1. Given (1) in contact (Cβ under 8 Å) with a residue 40 or more places away in the chain; (2) outside any loop (DSSP other than H, G, I, E, B); (3) out of contact with any His (no Cβ under 6 Å at 6 or more places or on another chain), identify the lone condition not met by ILE100.
2. It is to be established whether one or more residues within segment 38-49 are modelled with pLDDT under 90 and surrounded by fewer than 16 Cβ atoms within 10 Å (Cβ to Cβ).
3. Could you check segment 59-97 and list, in sequence order, the residues that are β-branched (Val, Ile, Thr) and either in a helix (DSSP H, G or I) or over 15 Å from the mean Cα position of the chain (by Cα) (or both)?
4. Considering (1) modelled with pLDDT under 95; (2) over 20 Å from LEU119 (Cβ atoms), say which one HIS56 fails and leave the rest.
5. Those residues that are under 15 Å from the mean Cα position of the chain (by Cα) and part of a helix (DSSP H, G or I), I need them from segment 117-132; list them, please.
6. Which of the residues that make up segment 123-140 are of a type outside the set (Lys, Arg) and in contact (Cβ under 8 Å) with a residue 60 or more places away in the chain?
7. Answer yes if at least one residue in segment 20-39 is in a helix (DSSP H, G or I), in contact (Cβ under 8 Å) with a residue 12 or more places away in the chain and over 23 Å from LYS131 (Cα atoms), and no otherwise.
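The values are calculated or read from the model by the stated rules, or taken from the named source; none is laboratory data. Computed from a prediction, not measured in an experiment: that's the story for all the values here. Please note: Cβ atoms are built from the backbone with ideal geometry, for glycine as well, and neighbour counts cover all protein chains shown.
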Amino acid sequence: MLVSIYTDASYCPEKKVGSFAFYISSEFGTNASCGVLKQVTNPMDAEMMSITNALHTLRKSSIGREKISFIEIYSDCLGAFKKINRKYNHLIGQKIIAEIDKIRADSDIKDKRIAIHRLIHVKSHTKLNDKASIGNQYCHDMAIQMLNVARQNS
């Protein structure tokens, strides 16, 4: 089963808070969430936390109990993709890899050489009607709403 994950995050450098949003889509259903990130140091970490939260939610959801054969992760933060690498010692990147490994194990994929994920860069704020742009805009709008909450509460 193919799972598509759309993510976005926002960041406020003055208050060192951020927000995340994600939308998960598969043939077995959808799931979306957003929230506040406290003590975030930069926007790239906020984006990576959004991906981590989405993968964790996927693994714990009813969608995650199905046999996942492939995961597409859509994000507008190309820099975050570079840090999702087993050789790169970035804490949040390693958490993302750990979540992917748990999904691999839950889906009974034994061969670690089989890639079950693809990272897809989305050009943000294009107002296009393709699925990547729509997913990114949806997550962006939710992340901005949550960032306003984070600013008010910090």
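1. (3)
2. yes
3. Here is the first cut: in segment 59-97, the ones β-branched (Val, Ile, Thr) are 63, 68, 71, 73, 84, 92, 96-97.
Answer for segment 59-97, where residues must be β-branched (Val, Ile, Thr) and either in a helix (DSSP H, G or I) or over 15 Å from the mean Cα position of the chain (by Cα) (or both): ILE63, ILE68, ILE92, ILE96, ILE97.
4. (2)
5. ALA132
6. Scanning segment 123-140 gives SER124, ALA132, GLY135, ASN136, TYR138, CYS139, HIS140.
7. So in segment 20-39, the residues in a helix (DSSP H, G or I) come out as none.
Scanning segment 20-39, I find no residue that is in a helix (DSSP H, G or I), in contact (Cβ under 8 Å) with a residue 12 or more places away in the chain and over 23 Å from LYS131 (Cα atoms), so the answer is no.
Here's the yes/no breakdown for (1) in contact with a His (Cβ under 9 Å, 6 or more places away or on another chain); (2) buried (at least 21 other Cβ atoms within 10 Å of the Cβ); (3) at pLDDT below 90; (4) under 22 Å from SER107 (Cβ atoms):
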| residue | (1), (2), (3), (4) |
| --- | --- |
| THR30 | no, no, no, yes |
| GLY64 | no, yes, yes, yes |
| PHE70 | yes, no, yes, yes |
| GLY79 | no, no, yes, no |
| LYS83 | yes, no, yes, no |
